[in-house]
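Student: One structure is given below, represented as structure tokens, and several questions about it will come after.
The values are calculated or read from the model by the stated rules, or taken from the named source; none is laboratory data. Note that the structure is predicted; figures quoted are calculated from it, not measured. Neighbour counts are summed over all protein chains in view; Cβ atoms, including those assigned to glycine, are modelled from backbone coordinates with ideal geometry.
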Amino acid sequence: MAITNSSTTPEFPRDRLSNVSSAVAGPTDIAPKRTTFRKILRSMPLRVKLSSLWLVLIVFGAIYAKLDVAWFGGSLPLQDPNIQTNGFIRETGQFGTGQPIEGMSTSHWLGTDAIARDTFARIVHGGWVSLVVVVVSACCGIMIGGFLGSLVGFVRGRVETFVMATVDVILAFPALVLLLAMVSIFEVRNLFVISAVIGVLSIPAYTRVARANSLAISSREFVTAARAIGTKPSRILFREIIPNVLPTLLAYTMVAAAFVVVVEGSLSFLGLSVQLPTPTWGNMINQARRDIKINVAQVMWPSLALTLTVLSLNQVGDFFQQRREIRGSNL
Amino acid sequence: MRRRGLYRAVAFLAAAGLVAGACGGSDDSAPADTTEESSEEAEAPAEEPADEPADEPAEEPAVEAGDEAEGDVDTEIVEEETAIEYGGSVSVGLEAEATGLRPWEDTCSSPCYNMMVAVYDKLVEQTSSGAYSPNVAESISANEDFTVWTMTLRPGITFHNGVELTAQTIADMFPIQQAGAAGSGAVSAANLVSVEATGDLEVTYTLSQGGSAFPASLARAPLGMVFDPAAAAADSEGYSMAPIGTGPFVIDSRDLDNETTFVRNDNYWATDPDGNALPYLDSISFRPIPDEGTRLDALLSGTINAMQTLRQGTIRDARAARDDDGADITLWEFQGNNLGGGMFNVLVPPFDDVRVRRALVKMGSQEQTIEALGGTGISLPATQWFSPDSPWWSEKVAEAWPQFDFEGGVEILTEYINDPERSDGKAVGESIDVELSCPPDPTLIAAMQVSEQLYTASGLVNVTLTNFDQQTHIGIALGGENGFVGDHKMHCWRWGSDDDPAVSLNPALAPPTAEIAEAAGIPGVVSPLNFPNWFSPTAFQAAVAANQTDDFETRFGLYESIMLEFADQVPVYYSGHTATAIGTDTNVLGLNSWHLPSGELGIGFPAAEGRWAEVFIAS
């Protein structure tokens, strides 16, 4: 198969390109060894296993809650997070018998909030907002920031200077203030808008991480070899640089996700995240703080969910970053 | 443009008073007293009939006029029997830092007034019966049509800087008040045209139209608080940091957002009824502690020995600490005419149709809303701009106000929705869109979600809940950019105050736009304070007439007719009356027993605004 190349570079058999990388880098890296899920699991410390379990529960719960509302019309065994159990019941013409700020019970595992809504259901549903924001910000960060960082780390020059200066300016600005300013632009604050804003603001951090890795990888022998044989820069970028930057970005995603969860929680607490009555952990904390002297649990439960999630993301993120570093050191 | 600027100033002043104070309002309740020296007792409205009742079904009212209703535990205003003691200091926790300490410039709410009354005296004050009585003024009287008011000042009063207070001082204050952000609005609202010194101690106020409630304006900060005009003109900015008044305390230090301390004014002119010099305290300091829980904890832990609150939830917690945990605190509670609720922008479809407004009010549950606000057992459901213990409260209005009737509301809304001529331009049978907006306070968020669920349950309403910070919230309703029509739809708001109704109600009834004024045959009479944009010629005329007589029965009938029209047309809706409290250590006494120069007991501490001159610490 012939490759159309610039006139100055000799043609090189395309099917031998990957062999160049492998030969130069040695047998231990670049083409990663197959790592089975079981091996990863076995290498995890207990705290990371527990953290992973928590994250799985949160993700499962969030998806379950979303499916319940979107597909099953609330027929799955989980209470409606917005139903006020002391509210007016049209069928009977009476008000419900639920109590606001109730303690734990069999009907309300984590009690009820100030307007008698089930706290457990709200926490489970609240996880969906965090999940969506994390996924969107990770996608934006990896796809845009990751690509941009890989590109400028590879091509260098004025483009790199310009892009990194922009990134530095954005990162130098207090993140929450910038976020508040961006969020306040939008009159309607739905999940799409909030996710998009946080996603856009995630890009600079990913760009910086990707660029640092790209710089290091660009100077590796296999990249030099690829250049030497006249491979097109775009091909080097997509076949040699980005695939090697990606694992680091994925490991970073877990740590960044923890930050994103906190940021979304802060916005919610300030009443600037998704609009009511959609439950989020942040707005649950905000609404429950008024009654903290009566029932501290209503502040505690969403706080605990937020804390455990952030802690878990950090634990798992650290674990994968360490794995990546160990593997990187083998290069 | 200047007119628009003036409107903006007036509107912002009032809006801030209504909303920013979040329960604020000042301290007057009852008809204006137009007699000299002493005041008439405010009388209960009795059984004077007014206009025909609104056509809403009535339920048995829970309370009678003048009664205290369940949950309303206003601390009694009585003579303090404990022997007074001099000395000591009180540290007061406030919900916010004062916006400034210049009466003519700074728009104040409760925290700010607490500080201002320490350093400034008012020309007129309110007695425990709610009537207005001269304070720094010795007497005040009006001509027959209430367009000229003559006030005589007390002799021998000096400012903290030694300058003597004369009639010329009051006259010199006027241009500064006219130019001030707060003062200009007050001057405009009072229809005040000129202030002249017609003697050493005699001041003549001239109004552009009769104002029987004018003394009420002299009991409020912008026009009523006496300041040194020469010092104010010389350094307006500095005056906020180092205010000069004739009041019981002198500024000692002001550390913004931390602590402001006032010390005893040794030359204070007023005495208690026994002739003892005032004030009793050596000093008083004010500390802004915005978080409600932290402020209460500071009181319970002894970090401060007094605090103010306008939140039902805090009152509930303070009551629990006192009653259940045995905390040594006294709660000086007051629940006046100020009330929570909201409004519909009647110039915006579908709220331009009274059927929609009636339906939404009927479908809303006051009881549940108050519970969500944390006010169960504390805050009374409101039916009008006056609380049941106000002389202006009307049983007829209470009966006329739409009660919770979900199916009744659905029926009315269905009629609108199926009307081919429905005003919102949607297809027949389509749900209406309601945007309900409140500031992002947790209590309001809870309350608006109660309404949201009820409206949604009807299947006829698409509800969107929005929260904007308080400043933005006010700005949206003010709508300076669109001729003061506003961009609001269904909007949380506060109504009423303990002022004379002429002060709180009249500006809300004038035409909201020039076009409406012209159509009504009163061109040029436009009020940006008509936030719901609802205009009724009959209500407006009743308000004007009520300001031109001092006969209480007549005025009561006129204001009752306005409230009945509100109950019928529902441009506004209500939740509960605003409960307020000052909490103190149990040895801090005297908040409920301060006096006017006439010897009458003062009004106490409405809207959690204390008068600190006769407060003392019992050993």
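Student: Is it the case that B:Gln384 is away from chain A (no Cβ under 14 Å) and within 30 Å of B:Ile304 (Cα to Cα)?
Tutor: Spelling it out, it is not the case that B:Gln384 is away from chain A (no Cβ under 14 Å) and within 30 Å of B:Ile304 (Cα to Cα).
Student: Now for a different question. Would you pick out the residues in segment B:182-196 that are surrounded by fewer than 20 Cβ atoms within 10 Å (Cβ to Cβ) and part of a helix (DSSP H, G or I)?
Tutor: Result: B:Ser188, single match.
Student: In segment B:581-619, what count of residues is obtained for those that are within 20 Å of B:Leu444 (Cβ to Cβ) and not in a strand (DSSP E or B)?
Tutor: Looking only at that region, the number is 2.
Student: While we're looking at this one, here's another question. If you scan segment B:59-96, which residues turn out to be at pLDDT 90 or above, surrounded by fewer than 18 Cβ atoms within 10 Å (Cβ to Cβ) and closer than 25 Å to B:Cys112 by Cα?
Tutor: Once the filter is applied, which keeps residues that are at pLDDT 90 or above, surrounded by fewer than 18 Cβ atoms within 10 Å (Cβ to Cβ) and closer than 25 Å to B:Cys112 by Cα, segment B:59-96 yields B:Gly87, B:Ser89.
Student: Next up: Say we look at segment A:101-134 and pick out the residues that are of a type in the set (A, V, I, L, M) and within 14 Å of chain B (Cβ to nearest Cβ); which of these is surrounded by the fewest Cβ atoms within 10 Å (Cβ to Cβ)?
Tutor: Across segment A:101-134, the extreme among qualifying residues is A:Ile101.
Student: Which count do you get for residues in segment A:42-96 that are assigned to a loop (DSSP other than H, G, I, E, B) and of a type in the set (Val, Ile, Thr)?
Tutor: 3
Student: In addition: Looking at B:Glu452 and the list (1) touching a residue at least 60 places away in the same chain (Cβ under 8 Å); (2) within 12 Å of chain A (Cβ to nearest Cβ); (3) over 25 Å from B:Gly293 (Cα atoms), which single condition is not satisfied?
Tutor: B:Glu452 satisfies all of (1) touching a residue at least 60 places away in the same chain (Cβ under 8 Å); (2) within 12 Å of chain A (Cβ to nearest Cβ); (3) over 25 Å from B:Gly293 (Cα atoms) except (1).
Student: Any chance you could count how many residues in segment A:101-124 are farther than 22 Å from A:Lys293 by Cβ and assigned to a loop (DSSP other than H, G, I, E, B)?
Tutor: Matching residues across segment A:101-124 total 3.
Student: A further question on this structure: Suppose we filter B:Gly199, B:Gly211, B:Gly224, B:Gly247 for residues that are small (Gly, Ala, Ser) and surrounded by fewer than 18 Cβ atoms within 10 Å (Cβ to Cβ); which single one remains?
Tutor: Result of the check over B:Gly199, B:Gly211, B:Gly224, B:Gly247: B:Gly199.
Student: Next question, about the same structure. Please go through segment A:213-232 and pick out each residue that is assigned to a loop (DSSP other than H, G, I, E, B) and touching a helix residue (DSSP H, G or I) at 6+ places or on another chain (Cβ under 8 Å).
Tutor: Result: A:Arg220, A:Ile229, A:Thr231.
Student: Can you say whether A:Ala205 is more than 14 Å from chain B (Cβ to nearest Cβ), under 30 Å from A:Gly61 (Cβ atoms), part of a helix (DSSP H, G or I) and within 13 Å of the chain's Cα centre (by Cα), as far as the supplied structure shows?
Tutor: The answer is yes for A:Ala205.
Student: Is there any pair with a first residue in segment B:413-431 that is under 14 Å from B:Asp353 (Cα atoms) and a second that is assigned to a loop (DSSP other than H, G, I, E, B) and among the β-branched types (Val, Ile, Thr) whose Cβ atoms are under 7 Å apart and which are 6 or more apart or on different chains, and what are they?
Tutor: Pairs found: B:Asn418/B:Val428; B:Pro420/B:Val428.
Student: Given the conditions (1) over 28 Å from B:Trp612 (Cβ atoms); (2) outside any loop (DSSP other than H, G, I, E, B); (3) at pLDDT below 95, which single one is not true for B:Ala171?
Tutor: So the condition that B:Ala171 fails would be (3).
Student: Hey, among the residues in segment B:455-488 that are touching a Pro at 6+ places or on another chain (Cβ under 6 Å), within 13 Å of another protein chain (Cβ to nearest Cβ) and crowded, with 19+ Cβ neighbours inside 10 Å, which one's farthest from B:Ala427 (Cα to Cα)?
Tutor: Across segment B:455-488, the extreme among qualifying residues is B:His473.
Student: Given (1) farther than 27 Å from A:Ala62 by Cα; (2) surrounded by fewer than 18 Cβ atoms within 10 Å (Cβ to Cβ); (3) away from every other protein chain (no Cβ under 14 Å), identify the lone condition not met by A:Met143.
Tutor: Condition (1) is where A:Met143 drops out.
Student: Look at B:Glu435 and say whether it is within 14 Å of another protein chain (Cβ to nearest Cβ), touching a residue at least 40 places away in the same chain (Cβ under 8 Å) and among the acidic types (Asp, Glu).
Tutor: Yes, satisfied.
Student: So, one more: Of everything in segment B:399-432, what is of a type in the set (Val, Ile, Thr) and within 14 Å of chain A (Cβ to nearest Cβ)? Give them in sequence order.
Tutor: Matches in segment B:399-432: B:Val410, B:Thr414.
Student: Can you tell me which residue among B:Ala219, B:Ala213, B:Ala233 is within 23 Å of B:Glu95 (Cβ to Cβ) and not β-branched (Val, Ile, Thr)?
Tutor: Criteria check complete, one pass: B:Ala219.
Student: Residue by residue through segment B:268-299, note down the ones that are among the acidic types (Asp, Glu), within 14 Å of chain A (Cβ to nearest Cβ) and in contact with a Ser or Thr (Cβ under 9 Å, 6 or more places away or on another chain).
Tutor: Within segment B:268-299, B:Glu292, B:Asp297 qualify.
Student: Moving to a separate point now. β-branched (Val, Ile, Thr) and in a helix (DSSP H, G or I), is that true of B:Ile315?
Tutor: Considered against the rule, which asks whether it is β-branched (Val, Ile, Thr) and in a helix (DSSP H, G or I), B:Ile315 comes out as yes.
Student: Restricting to strands (runs of 3 or more DSSP E) lying wholly in segment B:66-155: which have 3 or more residues that are in contact (Cβ under 8 Å) with a residue 40 or more places away in the chain and not hydroxyl-bearing (Ser, Thr, Tyr)?
Tutor: Answer list for segment B:66-155: B:89-94, B:124-126, B:137-142, B:148-153.
Student: Restricting to segment B:300-312, name every residue that is assigned to a loop (DSSP other than H, G, I, E, B), within 14 Å of another protein chain (Cβ to nearest Cβ) and touching a strand residue (DSSP E or B) at 6+ places or on another chain (Cβ under 6 Å).
Tutor: Correct list: B:Leu310 only.
Student: Continuing with this model, one more query. Considering only residues of segment B:553-597 that are small (Gly, Ala, Ser) and farther than 16 Å from B:Thr538 by Cβ, which is farthest from the chain's Cα centre (by Cα)?
Tutor: Within segment B:553-597, the match that is farthest from the chain's Cα centre (by Cα) is B:Gly590.
Student: Something else about it: Provide a single number: the residues in segment A:75-100 that are away from chain B (no Cβ under 14 Å), loosely packed, with under 12 Cβ neighbours inside 10 Å and either over 29 Å from A:Asp291 (Cα atoms) or touching a residue at least 12 places away in the same chain (Cβ under 8 Å) (or both).
Tutor: Going through segment A:75-100 one residue at a time, the tally reaches 1.
Student: Assuming B:Val203 fulfils every condition listed in (1) assigned to a helix (DSSP H, G or I); (2) touching a Leu at 6+ places or on another chain (Cβ under 9 Å); (3) farther than 26 Å from B:Phe556 by Cα apart from one, which condition is it?
Tutor: Among (1) assigned to a helix (DSSP H, G or I); (2) touching a Leu at 6+ places or on another chain (Cβ under 9 Å); (3) farther than 26 Å from B:Phe556 by Cα, the lone unmet condition for B:Val203 is (1).
Student: What pairs come out if I take residues in segment B:473-494 that are at pLDDT 80 or above and pair them with residues that are of a type in the set (Ser, Thr, Tyr) and not in a strand (DSSP E or B) whose C-beta lies under 8 Å away, six or more apart or interchain?
Tutor: Here the result reads B:Val485/B:Thr513, each pair linking segment B:473-494 to a residue that is of a type in the set (Ser, Thr, Tyr) and not in a strand (DSSP E or B).
Student: How many residues does segment A:193-248 hold that are surrounded by 17 or more Cβ atoms within 10 Å (Cβ to Cβ), among the hydroxyl-bearing types (Ser, Thr, Tyr) and free of Cβ contacts under 8 Å to residues at least 24 places away in the same chain?
Tutor: 0
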